[in-house]
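The structure appears right after this line, and notes come after that.
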Amino acid sequence: MLKSLWHKLGFPQAPFEGGITPDMSKWSAGVAIQDCPLPPLLIVPIKQHIGQACTPLVHVGDKVLRGQKIAKSEGYLSVPIHAPTSGKVIKIEEHPIPHPSGMGLASIFIEPDGKDESDTSLQPLEHWQSLDTAELRERIRLCGIAGLGGAAFPTFIKLLQDRRNPIDTVILNGIECEPFLTNDHRLMLEHSHEVLLGMQIIMHIVGAKKGIVAIEDNKPDAIAAMQHGLGTLNHKSNIQIQALPTRYPQGSEKQLIESLTGKQIPTGKLPMHIGLLCQNIGTTHAIHHAIMLGQPLTERVVTVSGDAVPEVANLRVRIGTPMRYVFSQCGLENFSHTQILHGGPMMGERLRHPDIPVIKSTTGLLAIRDETIKPVHQAEDPCIRCGHCSEACPIQLVPNLLMDYCKQDQLEKAADYNLFDCIECGACSYVCPSHIPLVHYFRYGKGQAAQVRREQSFAEASRLRSDARTARLQREKEEKAAKRRKVRETHKPVKSDKPPITAENKE
Amino acid sequence: MEQILHAVLALGAFALCAAIILAIASKVFHIEGDPLSDKVDALLPQTQCGQCGFPGCRPYADAVASHAADVNHCVPGGERTMLAIADLMGVEPKSLDEEEAVPMVAFVREDECIGCTLCIKACPVDAIIGAPKQYHTVIADHCTGCVLCLEPCPVDCIDMIAKPELLEHWSWPLPNTQRAQIGAERRESHQHA
Amino acid sequence: MLIHLSSPHIHSGDSIRATMLAVILALMPAGIVSVYLFGWLAVFQIVLCIIACMLTEFFALKWMGRATAPVWDGSAALTGLFLALTLPAAVPWWMALFGSVCAIGLGKQVYGGLGFNPFNPALSARIILLVSFPLQMTTWLIPMHIGTSAIDLYNLSHAWQLFAYGAASLPQGLDAITMASPLGHIKTAWSQGIGVSQALHAYDYSYLDAFIGRETGSLGETSALALLMGGIYLLARHTITWHIPVSFITTVMVLAAIASNIDPNHYTPPLFHLLAGGLILCAFFMATDPVSSPVTPKGQLVFGIGCGVLTWCIRTWGGYPEGAMFSVVLMNCAVPLIDHYCRPKIYGASDKQEEQS
């Protein structure tokens, strides 16, 4: 209530509750985007998005072109995968993917032929304003576009028009609140026209009247570039650039909406339920290429940074490039006493080794020295209930009490304390003076709850099968008994003159 | 003397009032709930394996609800189920007799299968499909790992294999950040180095 | 060998030791004032309590078979410092030792160590001492520079004699070196039917003296100025939040204001309550002990208000002259309940959902 009053008085930049202000370390902010050269081998996993894995369409020995579909989507929540360059498929087998478990997935191994020829079957749709929005959405799906901010949700589903929940404002998320990452920053600086055109396309598809580009105030050059970019658009739209105070996790959808509009997304609902749609800068840029150039998603901008990287950079990397190769382009060859992070330091995951490919959701590759990470991941001390975690939590949870319940497997109590509203941003673990890995405990709790649910539904199904079997056996028994009764009734004893043959009178 | 009598009478009257209020409350605020054995059955994994000594999960649930059986007999349920049942019944948790096994499913080596249907008849959840003189196969998604099909097989062609861990079902284990644990691990690694 | 943990992989750098050292630093002004007023005696008490607390923690952990690293995280030392600052200066050494052992042994380790104690350890020890030895715990020494004390506490050997052998061994006798505290004097005057302003006048009470600390009391509670300096430092460093101190003190002053307006002859004015006894020490340092106080801001306000009400009631109508420490420990009992019912409204919760939870 106080928040909406604040907004009514005309203060749009009210920050959200909670949050932290870590050292942003945007060392690569001044480094222009460069193309990462083609590696000797590209490894493309068959699942790089939220949803069902794709099925390979190619076989070993096939020649492919850049942008050619090499894996088709399965099920509704899925987008196809395309070859990142021209070359030959040399094998399809399991390979580790950027996942904290260290497990692998089936991947398509492509050896580039160096020619980098593109598949030109998709035509540019320059007159998109006059096209049916369903066709535009289908093009976005066909080009394999998923959220490039790290979540990798299939974008075409987000752009569906729902009559019950019309979108009136599209918000472009140029916040990039994670330390080290600067790929969206550089995209806004160097490709503002394309990004804004992509935003116009999105607004046209969902039928939104208004657009806001939200940028953190530690990127004044990007704000200026985007402002200038508005002037280069062919036809005007109601788009405004909004600067927000630098605070983590401002870039989280929930907090971004709260700061921009003063409204909160109700628990369990999505932004579309309050008429809003958020989209990442990288995704918007990819949408522009899909519509205006007919190019499927085959590459993305990745920030390579960290205190173990000699030359930090923002590289345009082909999907499937091994991380070891990307790091070597920045001068890092020796990975002893170095930790590799996939994504940002607040929500990214530590990988066990660099022989893992870059995928659609790779926003950044960080190499941090062991001495820097050691003081972070320490033994935990007991919780002193200082309350700093609760102050930092952007969802206003009480992390220390929640942690106690997760630790002791009291999952119902944890759910009552809103475990499933936690966005796993890491602000609580960051401030904890006892170095308790709070987010790790919450992830454990959520995993246990999911496992319990799975076991319960399996147990329920088994019970039904067991009951069905018992009923079937009972039924068979009764049928047999009924048949026997019938036979006895229909076959009455026959009267005969001769006496029955017995053992005594047998002749 | 009079004062003692007054005190006794006053306290006695108060105790009587309290008792009447409690009796009324237990009737007025009484909650209709599931019978206890339904609740216990809901906690069991429905493997129907018989390892608890009862012919199925429901009979064990009935026995636990009527206090005829201990809470620690369900092997596939493991420690979590034992703790949940102990919590429901309001008794002390008791450690399991056997160690919790890795989740397993049965697998028929079809080359060796003679089509006798004995395993099909033994499966409590009808997870094996086949017909006389045809190969039999276990539907892995339905198999509860109860092991009841292994014994009847005359050619011993059924194996129990560990359930493959799916990427979608992976979850974070507990963090090992307890000082004592880390100290022990460091000492071990120094010893081996 | 690095521990494999999930994100985040950066940290603010805060630690338990840093927090404890910050609070110890915040208590330095009060410690300096105590040395100024009580000379070597203050030094002996503080050093004894800190060492006794740390040793108790060491032996308790060893006895329980646990690692003894927590002895050095600063929490035992802080408890020792707190305890010393809440004791009257003339407390015999063995009483201070006993208090320290109770504070760590019964007030902290028996519950499981740091983070598990429901009650503030220093205050629970002080209450044990007050109830076990009421005479010595309400005997206040005449401080240096105020009035004429028959003992020179800046003299090492005199102070040592008083500390090691007790007041009985002094030729001057106990009466020559002790006086009543302001709260004690008011309570005695109340029982004798003497009015407030008359009693304060008889005591030669000065608000300015009470603010600076030129009055008697326990070692650390005399100087409101020194304690406020420490409290503001802690607030600026964000080690404590404003909710508990402000609600605690405001409640006491509001109640005192209402009562003294109704009957100024029987009820002391709010400024007197603010500067008397251990209110500021308790409000800024004891009640804000993170382990035994609520986690949520709403809960902290409720806690502070509860402490304030109890403090004023005990001071005015209770059997003891000072109620601050009792009120904090009493409210500590209610903290789990407060925590459960005063959870903040989460993001996205509607008002209707809030009522249901």
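The values are calculated or read from the model by the stated rules, or taken from the named source; none is laboratory data. Please read all numbers here as calculations on a predicted model, not as lab measurements. Cβ coordinates were reconstructed from backbone atoms using ideal geometry, including for glycine residues, and neighbour counts include every protein chain displayed.
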Any pair with Cβ under 9 angstrom, 6 or more apart, that starts in region C:106-120 at a residue that is away from chain A (no Cβ under 12 Å) and in contact (Cβ under 8 Å) with a residue 60 or more places away in the chain and ends at one that is of a type in the set (Val, Ile, Thr) and part of a loop (DSSP other than H, G, I, E, B): C:Asn120/C:Val291
Count, please, the residues in region A:115-151 that happen to be in a helix (DSSP H, G or I) and of a type outside the set (A, V, I, L, M). 9
Could you tell me whether any residue of region C:274-287 is within 14 Å of chain A (Cβ to nearest Cβ), surrounded by 21 or more Cβ atoms within 10 Å (Cβ to Cβ) and within 28 Å of A:Phe16 (Cα to Cα)? no
Subset of region B:165-193, residues in a loop (DSSP other than H, G, I, E, B) and of a type outside the set (A, V, I, L, M, F, W, C), comes to B:Glu165, B:Ser171, B:Pro173, B:Pro175, B:Asn176, B:Thr177, B:Gln178
Condition check: closer than 17 Å to C:Ala89 by Cβ, touching a residue at least 60 places away in the same chain (Cβ under 8 Å), away from chain A (no Cβ under 14 Å) and in contact with a strand residue (DSSP E or B) (Cβ under 9 Å, 6 or more places away or on another chain). Does C:Leu141 satisfy that? yes
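Here is a yes/no grid of residues against (1) under 27 Å from the mean Cα position of the chain (by Cα); (2) at the interface with chain B (Cβ under 10 Å from one of its Cβ atoms); (3) more than 30 Å from B:Gly56 (Cα to Cα); (4) modelled with pLDDT under 95:
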| site | (1), (2), (3), (4) |
| --- | --- |
| A:Lys407 | yes, yes, yes, yes |
| A:Asp416 | yes, no, yes, yes |
| A:Gln451 | yes, yes, no, yes |
| A:Ala459 | no, yes, no, yes |
| A:Leu464 | no, yes, no, yes |
Restricting region C:307-317 to residues that are surrounded by fewer than 24 Cβ atoms within 10 Å (Cβ to Cβ) and under 11 Å from C:Leu183 (Cβ atoms), which is modelled with the lowest pLDDT? C:Thr316
Members of region C:66-105 found to be buried (at least 18 other Cβ atoms within 10 Å of the Cβ), within 14 Å of chain A (Cβ to nearest Cβ) and in contact (Cβ under 8 Å) with a residue 24 or more places away in the chain, listed by number: C:Pro70, C:Asp73, C:Gly74, C:Ser75, C:Ala76, C:Leu78, C:Thr79
Can you confirm whether region B:69-78 contains a residue that is acidic (Asp, Glu) and within 14 Å of chain A (Cβ to nearest Cβ)? no
Let me spell it out: the conditions are (1) farther than 19 Å from A:Glu380 by Cα; (2) free of Cβ contacts under 8 Å to residues at least 40 places away in the same chain; (3) within 14 Å of chain A (Cβ to nearest Cβ), and C:Ile50 meets all of them except one. Which number is the exception? (3)
So B:Gly115 ticks every box in (1) at pLDDT below 90; (2) on the phi > 0 side of the Ramachandran plot but one. Which box is left unticked? (1)
Could you please find all residues in region B:94-120 being surrounded by fewer than 12 Cβ atoms within 10 Å (Cβ to Cβ) and within 17 Å of B:Thr144 (Cβ to Cβ)? B:Glu98, B:Val102
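So that you can scan it fast, the table gives a plain yes or no per residue for (1) under 23 Å from A:Glu258 (Cα atoms); (2) touching a helix residue (DSSP H, G or I) at 6+ places or on another chain (Cβ under 6 Å):
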{"site": "A:Ser390", "(1), (2)": "yes, no"}
{"site": "A:Pro394", "(1), (2)": "yes, yes"}
{"site": "A:Asn400", "(1), (2)": "no, yes"}
{"site": "A:Asp416", "(1), (2)": "no, no"}
{"site": "A:Phe420", "(1), (2)": "yes, no"}
{"site": "A:Ile423", "(1), (2)": "yes, no"}
{"site": "A:Ala427", "(1), (2)": "yes, yes"}
Helices (runs of 4 or more DSSP H) wholly inside region C:267-357 that include at least 1 residues being under 19 Å from the mean Cα position of the chain (by Cα): C:270-275, C:297-317, C:324-341
Selection within region C:283-329 - farther than 23 Å from A:Ala392 by Cα and acidic (Asp, Glu): C:Glu322
Subset of region A:303-325 that is of a type in the set (Val, Ile, Thr) and surrounded by fewer than 24 Cβ atoms within 10 Å (Cβ to Cβ) - its residue that is nearest to A:Leu136 (Cα to Cα): A:Val312
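For (1) assigned to a loop (DSSP other than H, G, I, E, B); (2) in the same structural domain as C:Gly39 (by TED's automatic domain parsing), each residue gets a yes or a no:
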{"site": "C:Gly173", "(1), (2)": "yes, yes"}
{"site": "C:Ile186", "(1), (2)": "no, no"}
{"site": "C:Trp190", "(1), (2)": "no, no"}
{"site": "C:Ser197", "(1), (2)": "no, no"}
{"site": "C:Leu200", "(1), (2)": "no, no"}
{"site": "C:Tyr205", "(1), (2)": "yes, no"}
{"site": "C:Leu208", "(1), (2)": "no, no"}
{"site": "C:Phe211", "(1), (2)": "no, no"}
Scanning region A:343-367 for residues that are modelled with pLDDT under 95 and assigned to a strand (DSSP E or B), which turns out farthest from the other protein chains (Cβ to nearest Cβ)? A:Leu351
Options A:His127, A:His95, A:His82; residue that is within 14 Å of another protein chain (Cβ to nearest Cβ) and either on the phi < 0 side of the Ramachandran plot or hydrophobic (A, V, I, L, M, F, W, C) (or both): A:His95
Could you please find all residues in region A:391-404 being within 19 Å of C:Phe116 (Cβ to Cβ) and either modelled with pLDDT of 95 or more or crowded, with 21+ Cβ neighbours inside 10 Å (or both)? A:Val398, A:Pro399, A:Asn400, A:Leu401, A:Leu402, A:Met403
Any idea which of C:Pro321, C:Pro344, C:Pro269, C:Pro294 is out of contact with any Pro (no Cβ under 8 Å at 6 or more places or on another chain) and within 14 Å of chain A (Cβ to nearest Cβ)? C:Pro294
If a residue must be surrounded by fewer than 23 Cβ atoms within 10 Å (Cβ to Cβ) and more than 8 Å from chain C (Cβ to nearest Cβ), how many such residues does region A:423-434 contain? 1
Among the residues of region B:99-120, is there at least one that is facing another protein chain (nearest Cβ under 10 Å) and in contact (Cβ under 8 Å) with a residue 12 or more places away in the chain? yes
Test each condition in (1) more than 26 Å from C:Leu130 (Cβ to Cβ); (2) within 11 Å of chain A (Cβ to nearest Cβ); (3) crowded, with 17+ Cβ neighbours inside 10 Å; (4) in contact (Cβ under 8 Å) with a residue 12 or more places away in the chain for C:Arg17 and report the one that comes out false. (3)
What do you reckon, is C:Asp152 buried (at least 17 other Cβ atoms within 10 Å of the Cβ), out of contact with any Phe, Trp or Tyr (no Cβ under 9 Å at 6 or more places or on another chain), among the charged types (D, E, K, R) and in contact (Cβ under 8 Å) with a residue 40 or more places away in the chain? no
Mind listing whichever residues of region B:144-164 are part of a loop (DSSP other than H, G, I, E, B) and surrounded by fewer than 16 Cβ atoms within 10 Å (Cβ to Cβ)? B:Leu150, B:Glu151, B:Pro152, B:Pro154, B:Val155, B:Asp156, B:Lys163, B:Pro164
